[in-house]
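Here's the structure, in structure tokens; my notes come after.
No lab work stands behind these numbers, since they all come straight from the coordinates. Everything quoted here is computed from the prediction, not taken from an experiment. So basically every Cβ, Gly included, is an ideal-geometry build from the backbone, and we count neighbours across all protein chains shown.
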Amino acid sequence: MTIQEILRCEPLFQNTEVKFSPVEGGLVNQSYRITCANGDYYLRIYGAQADYLGLDRTLEEQACRQAGRLGISPTVRKSAGTGYLITDFFPGRPFDGKAIHRPEILRQVIAMVKAIHTKMDLPRAFSAFDLIDRYVQQIRERHVATPPGFGQILDQVDKIRFLRSADKEYSRVFCHNDVWINNLLYDGERLIIVDWELCGYGDAYFDLARIAYLENTSVQEEKRMLEQYFGFFEEEMLHTLQQMKYVGMVSEAVWALFHSSIQGDGHSQTYDYTAFAKEVIRILESGATHF
């Protein structure tokens, strides 16, 4: 559906003057701020990524509602199945590249991640490894060209998968699976997280790792993150975090390779997915664990 069609049929927006504007930052869905006499709302028109990955939109909506009740996500006002989601509009902004390195901000982010892991529960299993597997399946079915060394990188992911399977406590928690600055909104006091498309039971270290590899955290910052999350720190935790940073970067590469093969479906038509995938693989092959 288009936003014009939604505005015409959605009762929330009937018999009132409505204004809307795009919300920037998403690469696989269309998002808008809608203002009317009834209030300010956020509209997300779903792309097809969840369909390709075999993810249930109903469970995604339930996650949004749970998170809204916990106060860590906007309140859901309306869902139209696989079509769109309407929530209250949160007047915050995504973090810039420096804010996440402020100790008080990083503490809030880690506290939110822990709340997700300990207070949310839905019957949806979807780990970082599942994400990679499903993207790779799509890449192979679509005969997407992959860079040299791609097979060796997937072999390393499988080794880490095996090692993490021994952790019966932290490899099976409910995760957001897409923790990054565009999904973290802050108004100066309150922090929320949006976009629950990839949520599901997976590895706690993956949510922590996404913060680390995407935001180029230092070793000292990573130690503080781990100590805050677990209540103590051991060197083995830092080693595990590095492993999951590798897995996270691979998930970025396969995400980009997959999206390079599709047109439309709500994803960006200007972003160079192929170039990004090649750059991530170059970084992985160099041995680095940050962008």
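Mean separation of Cα pairs under 8 Å and 6 or more residues apart, divided by the residue count, gives the chain a relative contact order of 20 percent. Counting Cα-Cα pairs of segment 187-237 in 5 Å increments starting at 0 gives whole-percent bin shares of 4, 15, 22, 24, 19, 13, 3, 0. Values (i) 37, 20, 17; (ii) 47, 30, 22; (iii) 31, 23, 17 are given for comparison; semi-axes √(5λ) of the Cα gyration tensor in Å, derived from the coordinates here, is the one labelled (iii). Taking the average, over residues, of other Cβ atoms within 10 Å as the packing measure, peptides 244-251, 122-129 rank 244-251, 122-129 from highest down. The base-10 log of I(q)/I(0) for segment 1-144, evaluated at q = 0.09, 0.15 Å⁻¹, reads -0.36, -0.97 [Debye formula, identical scatterers on Cα atoms, solvent excluded]. Projected onto their three principal axes, the Cα atoms of segment 199-277 cover extents of 46, 26, 16 Å, largest first.
Quick check on the chain: helices-only [θ] at 222 nm, where DSSP H runs of length 4 and up contribute -39,500 (n - 2.57) each and the sum goes over total residues. Nearest 500, please. So the calculated ellipticity at 222 nm is -15000 deg cm²/dmol. Once C-alpha pairs closer than 8 Å and six or more residues apart are averaged by separation and normalised to the residue number of segment 80-180, the relative contact order reads 44 percent. Its convex hull of Cα atoms gives segment 138-291 a direction-averaged projected area, equal to a quarter of the hull surface, of 10.5 nm². Pairs from the list K159/K278; K98/K159; K98/K119; K78/K245; K119/K159 with a Cα-Cα gap above 32 Å: K98/K159; K78/K245.
Seen against the Cα atoms of the chain and their longest principal axis, helix 128-141 is set at about 80 degrees.
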